[in-house]
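Please see the structure below; I have some questions.
The values are calculated or read from the model by the stated rules, or taken from the named source; none is laboratory data. Here the structure is a predicted model, which means the values were calculated and not measured. Cβ: placed from backbone, ideal geometry, glycine included. Neighbour counts: every protein chain shown.
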Amino acid sequence: MLKMHALPPLFVLACIFFLWLTTPLQAQDWLKAAPQSHIVEQQINNYLPSTPTRSLLSSQQNIAIIMDDLGYRLSDAKALLALAFPVTFAVIPHTPFATEVASQAHQAGRTVILHQPMETSNPKYHDINQVGLLYQGMTREHFVQVLEANIASVPYVSGLNNHMGSLLTSLDEPMQWVMEVSKKHQLYFVDSRTTHKTVAIAHAQREGVVWAERKVFLDASRDIMSIKKAWQKALRYAKKGQQCIVIAHPYPETLAFLKSQVSHRDIASLRNFLHVESQYADAKSY
Ligand SMILES: [Zn+2]
């Protein structure tokens with residue numbers, strides 16, 4: 001039992017404790033030593049590569065998936081649109097279902113880009129007769145004409161990436177022409193990086209074209225173990241707070257993997273990565 005004379009000091013102590021609890025956190029000096037989240041984010045940002053993409057550290061959504069080689073089958077579009085997360089549709093021009101696939105993707109709110117065929121240095125894939133192909137030795141006029149026609153042939157494109165292109169992306173002049181046309185149409189360029197000799201990004205930067213580059217090929221080998229390993233690599237980038245562009249192909253193995261193994265919590269849309277509208281708006285204001 002408390003005696004009556006002990007109550008006033010207890011009441012004073014209770015008041016002091018209450019005041020301490022309700023003091024704003026920033027006024028408590030000892031808490032100031034604790035790192036504040038925006039400072040930590042800034043420090044981490046300092047270590048990120050200087051790309052036009054921006055960090056999404058507050059979110060897990062650090063991976064964007066581009067599905068290449070679309071336009072040959074409507075079933076690909078159906079499978080991709082059934083996924084619980086957005087995938088960017090990279091459509092090859094002049095393929096049988098290019099227009100329909102691009103339209104379906106756009107109507108479902110997905111991003112569409114032109115998957116521009118470019119000359120490869122690998123004779124196994126070399127097909128000079130592919131419609132819409134850009135290759136070494138074209139005149140500037142012919143080159144621009146073909147690229148313009150390709151852009152016009154696929155509706156709703158907001159950017160482009162290269163299909164093949166291990167030869168062409170290593171050449172200065174054609175890459176300069178690609179960027180000039182991209183700039184004119186305010187398209188962004190994603191370098192698929194089919195060769196380490198690529199000069200595409202250097203020309204994009206010179207022209208002020210919004211750009212990004214592929215970090216991981218999901219299905220360079222189609223077996224499920226290789227696909228899983230590639231996905232783990234992408235997740236490692238994401239967990240370090242680095243944005244990671246993954247390129248995939250509409251193989252049955254890949255589609256099954258995306259459906260069953262990939263969480264929507266890890267996936268962002270490519271356009272969210274690039275902030276395309278604001279970057280081109282910035283460029284225009286200068
Ligand atoms: Zn391709």
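Any chance you could count how many residues in the range 160-195 are under 22 Å from Ile128 (Cα atoms) and among the basic types (Lys, Arg)?
1
Which residues, taken from the range 97-121, are more than 16 Å from the ligand (Cβ to nearest atom) and in contact with a Leu (Cβ under 6 Å, 6 or more places away or on another chain)? Steps first, answer last, please.
Within the range 97-121, the first condition is being more than 16 Å from the ligand (Cβ to nearest atom), and the residues that meet it are 99-100, 103-111.
Selection gives Ala108, Thr111.
Is it the case that the range 149-156 has a residue that's on the phi > 0 side of the Ramachandran plot and touching a strand residue (DSSP E or B) at 6+ places or on another chain (Cβ under 9 Å)?
Step one: list which residues in the range 149-156 are on the phi > 0 side of the Ramachandran plot, which gives 156.
Filter once more, keeping what is touching a strand residue (DSSP E or B) at 6+ places or on another chain (Cβ under 9 Å): 156.
Yes, the range 149-156 contains at least one residue that is on the phi > 0 side of the Ramachandran plot and touching a strand residue (DSSP E or B) at 6+ places or on another chain (Cβ under 9 Å).
Another question, if that's okay. Can you name every residue in the range 70-84 that is surrounded by 18 or more Cβ atoms within 10 Å (Cβ to Cβ) and either acidic (Asp, Glu) or closer than 22 Å to Ala230 by Cα (or both)? Lay out the reasoning, then the answer.
Of all residues in the range 70-84, those surrounded by 18 or more Cβ atoms within 10 Å (Cβ to Cβ) come to 70-71, 76-77, 79-80.
Of everything in the range 70-84, those that are surrounded by 18 or more Cβ atoms within 10 Å (Cβ to Cβ) and either acidic (Asp, Glu) or closer than 22 Å to Ala230 by Cα (or both) turn out to be Leu70, Asp76, Ala79, Leu80.
Does the range 82-95 contain any residue that is over 27 Å from Ala204 (Cβ atoms), at pLDDT 95 or above and within 16 Å of the ligand (Cβ to nearest atom)?
no
Select from the range 240-262 the residues that are away from the ligand (no atom under 16 Å from the Cβ) and without any contact (Cβ under 8 Å) to a residue 40 or more places away in the chain and write down the one among them that is surrounded by the most Cβ atoms within 10 Å (Cβ to Cβ).
Phe257
Something else: Assess whether Gly137 counts as being out of contact with any Asp or Glu (no Cβ under 7 Å at 6 or more places or on another chain) and away from the ligand (no atom under 15 Å from the Cβ).
yes
A follow-up question, please. Tell me, which strands (runs of 3 or more DSSP E) wholly within the range 99-218 include 1 or more residues that are farther than 21 Å from Ile65 by Cβ and out of contact with any His (no Cβ under 8 Å at 6 or more places or on another chain)? Write out each step before concluding.
Numbers: elements: 112-118, 157-164, 188-191, 211-213.
Counting at least 1 such residues, we get no strands (runs of 3 or more DSSP E) at all.
Would a scan of the range 118-131 turn up a residue that is modelled with pLDDT of 95 or more, surrounded by fewer than 23 Cβ atoms within 10 Å (Cβ to Cβ) and aliphatic (A, V, I, L, M)?
The answer is no; no qualifying residue exists.
On to the next question. Determine whether Ala79 is assigned to a loop (DSSP other than H, G, I, E, B), small (Gly, Ala, Ser), under 27 Å from Ser260 (Cβ atoms) and away from the ligand (no atom under 15 Å from the Cβ). Let's see the steps before the verdict.
Values: assigned to a loop (DSSP other than H, G, I, E, B): no; small (Gly, Ala, Ser): yes; under 27 Å from Ser260 (Cβ atoms): yes; away from the ligand (no atom under 15 Å from the Cβ): yes.
No.
Then there is this: Conditions first: (1) free of Cβ contacts under 8 Å to residues at least 60 places away in the same chain; (2) within 25 Å of Ala102 (Cα to Cα); (3) in contact with a Leu (Cβ under 9 Å, 6 or more places away or on another chain). Glu148 passes all but one, so which condition is the exception?
Of the numbered conditions (1) free of Cβ contacts under 8 Å to residues at least 60 places away in the same chain; (2) within 25 Å of Ala102 (Cα to Cα); (3) in contact with a Leu (Cβ under 9 Å, 6 or more places away or on another chain), the odd one out for Glu148 is (3).
Only residues in the range 168-180 that are of a type in the set (Asp, Glu) count as the first member; pair them with residues that are not in a helix (DSSP H, G or I), Cβ under 7 angstrom, at least 6 apart or cross-chain, and list the lot.
Asp172/Val199
Applying the selection to the range 128-145, what residues are free of Cβ contacts under 8 Å to residues at least 24 places away in the same chain, more than 15 Å from Asn162 (Cβ to Cβ) and of a type outside the set (Val, Ile, Thr)?
Restricting attention to the range 128-145, the residues satisfying the condition of being free of Cβ contacts under 8 Å to residues at least 24 places away in the same chain are 128-130, 133, 137, 139, 141-142, 145.
Retained after the next criterion (residues that are more than 15 Å from Asn162 (Cβ to Cβ)): 128-129, 137, 139, 141-142, 145.
Within the range 128-145, Asn129, Gly137, Glu141, His142, Gln145 meet the criteria.
Oh, and also: With respect to Ala102, determine if the residue is buried (at least 23 other Cβ atoms within 10 Å of the Cβ) and within 30 Å of Lys240 (Cβ to Cβ).
Values: buried (at least 23 other Cβ atoms within 10 Å of the Cβ): yes; within 30 Å of Lys240 (Cβ to Cβ): no.
No: the conditions fail for Ala102.
Every residue, every condition in (1) at pLDDT below 95; (2) more than 19 Å from the chain's Cα centre (by Cα), yes or no:
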site	(1), (2)
Ala204	no, no
Ser221	no, yes
Ala238	yes, no
Ser263	yes, no
Ile267	yes, no
Leu274	yes, no
Glu277	yes, no
